[in-house]
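Engineer: Pasting a structure here, questions to come.
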Amino acid sequence: MSDAVIGALIFLVKFFLLFAIISVFVLYATWYERKVIGHMQQRIGPKRVGWHGLLQPVADMIKAFFKEDSIPRDADKLFFWSAPVIGTVFAMMAALAIPFGPPLVLFGRHITLDVVHLPSGILYMLAMLSLVSFGVIFAGLSTKSKYPIIGAQREVAQVISYELILATALLNPVIMAGSLDLTKIVDAQSHLWFIFYQPVAFVCFLISMFAVSARVPFDLPEAENELVAGFMTEFTGMKFSLFYFAQYVVIFTVSMLAVIFFFGGWLGPSFLPPVAWLFIKWAFFIFLYTWSWGTFPRYRYDQLMNISWLILLPIVIINILWTGFAIQFGLPYLH
């Protein structure tokens, strides 16, 4: 077979393997969250369908598939149908650039452990994550209903505010590594993880990743106590489920970015393979998402905006200037 055909086959294998990993994660992330929060609140969580409720996500998926699909009479049908698909597609496209380990050499071929390897992978991922919000915007505006429109407006303001913080917080590891390549950023942490150099940038990134994925305490676009279900109010069945699928893919992706940029990615002792270390570190952030959901109250919307523009933005700008100053003048802590 020609190199082009072999390359296409490798791409397809990596793509379907990634899709399988993410699908299983999304399916059982809901079970995991319900179990963990249940124990936090002295409940047992899902228990009836399968051993300890392990088949509950499968039952929920089957139920969503067969639920009645209703469409508001005055809705814009094209955007109403396309909104959940847009969010899901762009979320998956962002995940394509995640490297799950160092490159391998198999049968004389150099194979990277990401579906799409880009020299500026982080720029591509941030762009795709930004486009996910178009699904939310289309969902809110297409229904021509008051609560979904307010939810869509909140999504626009929230994404613009916190993706700015997310990107600028990642500039510090990029400056230190001298590269936008995710693999090289991991390699640059072989002596010490960037979390020890950049704790301020990490805290800003951590807050932003909760806001970008619209999770508690920053789930204002779908605040149940104010907007019923926000931008998803008029969606049912599989379309409703696709919004959650996209949200969990975003959680999967930003958690991987946290590990890659601040916790050394797949670097770890040799008694476990690199991909195992990556997923062990990643699992900590998944638990952190669930822990915050069962712990923190929802912020008011004005508080959400103030945290971004009045607190986090000045901090990350000062931190970038300090990092550049330290590298320029060769301060010991960066060498």
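The values are calculated or read from the model by the stated rules, or taken from the named source; none is laboratory data. Owing to the predicted nature of the structure, the values given are computational and were not obtained by experimental measurement. Here Cβ is always computed from backbone atoms with ideal geometry, including for glycine, and neighbour counts include all displayed protein chains.
Engineer: Just checking, does region 305-327 include any residue being touching a residue at least 24 places away in the same chain (Cβ under 8 Å), under 25 Å from Ile37 (Cβ atoms) and touching a Leu at 6+ places or on another chain (Cβ under 7 Å)?
Structural biologist: Within region 305-327, none of the residues are touching a residue at least 24 places away in the same chain (Cβ under 8 Å), under 25 Å from Ile37 (Cβ atoms) and touching a Leu at 6+ places or on another chain (Cβ under 7 Å).
Engineer: Given the criterion over 22 Å from Ser190 (Cβ atoms) and under 20 Å from the mean Cα position of the chain (by Cα), identify the matching residue among Leu321, Leu312.
Structural biologist: Just a single option satisfies the conditions, and that option is Leu312.
Engineer: Checking Leu170 against (1) at pLDDT 90 or above; (2) surrounded by fewer than 24 Cβ atoms within 10 Å (Cβ to Cβ); (3) not charged (D, E, K, R), which test does it fail?
Structural biologist: (2)
Engineer: Confirm whether Leu27 is more than 26 Å from Phe134 (Cβ to Cβ), free of Cβ contacts under 8 Å to residues at least 40 places away in the same chain and out of contact with any Leu (no Cβ under 8 Å at 6 or more places or on another chain).
Structural biologist: No.
Engineer: Would you confirm, using the coordinates I've provided, whether Pro119 is under 23 Å from Ala8 (Cα atoms) and assigned to a loop (DSSP other than H, G, I, E, B)?
Structural biologist: yes
Engineer: I'd like to check something: does region 98-114 contain any residue that is part of a helix (DSSP H, G or I) and either touching a residue at least 40 places away in the same chain (Cβ under 8 Å) or more than 30 Å from Ser70 (Cα to Cα) (or both)?
Structural biologist: no
Engineer: Filter region 153-167 for residues that are more than 23 Å from Gln198 (Cα to Cα) and buried (at least 22 other Cβ atoms within 10 Å of the Cβ) and give the result.
Structural biologist: Result: Arg154, Glu155, Gln158, Val159.
Engineer: What's the number of the only condition in (1) at pLDDT 90 or above; (2) surrounded by 16 or more Cβ atoms within 10 Å (Cβ to Cβ); (3) in a loop (DSSP other than H, G, I, E, B) that Arg298 fails to meet?
Structural biologist: Only one criterion is unmet by Arg298, namely (1).
Engineer: Return the pairs, sorted by first residue and then second, in which the second residue is of a type in the set (A, V, I, L, M) and not in a helix (DSSP H, G or I), the first residue lies in region 273-295 and is touching a residue at least 40 places away in the same chain (Cβ under 8 Å), the beta carbons are less than 7 Å apart, and the residues are 6+ apart or on different chains.
Structural biologist: Taking only residues 6 or more apart or on different chains, the pairs are Ser292/Val216; Trp293/Val216.
Engineer: Looking at Ala211, Ala152, which one is touching a Leu at 6+ places or on another chain (Cβ under 6 Å), in contact (Cβ under 8 Å) with a residue 40 or more places away in the chain, under 15 Å from Val132 (Cα atoms) and in a helix (DSSP H, G or I)?
Structural biologist: Ala152
Engineer: Applying the selection to region 19-75, what residues are assigned to a helix (DSSP H, G or I), more than 30 Å from Ser145 (Cβ to Cβ) and among the polar types (S, T, N, Q)?
Structural biologist: Ser23, Gln56
Engineer: Continuing with the same structure: Among Gly7, Gly87, Gly53, which is the only one that is in contact (Cβ under 8 Å) with a residue 12 or more places away in the chain and either closer than 20 Å to Val249 by Cα or loosely packed, with under 14 Cβ neighbours inside 10 Å (or both)?
Structural biologist: Testing whether each residue is in contact (Cβ under 8 Å) with a residue 12 or more places away in the chain and either closer than 20 Å to Val249 by Cα or loosely packed, with under 14 Cβ neighbours inside 10 Å (or both) leaves just Gly87.
Engineer: Can you spot a residue in region 99-112 that is among the aromatic types (Phe, Trp, Tyr), under 25 Å from the mean Cα position of the chain (by Cα), surrounded by 18 or more Cβ atoms within 10 Å (Cβ to Cβ) and under 15 Å from Leu242 (Cα atoms)?
Structural biologist: no
Engineer: Moving on to the next point. Find the residue count for region 199-251, including only residues that are at pLDDT below 80, over 24 Å from Trp81 (Cα atoms) and of a type in the set (S, T, N, Q).
Structural biologist: Result for region 199-251: 1.
Engineer: Same structure, new question: Please find, among Phe243, Phe329, the residue that is more than 26 Å from Ile137 (Cα to Cα) and among the aromatic types (Phe, Trp, Tyr).
Structural biologist: Only one candidate passes the filter, namely Phe329.
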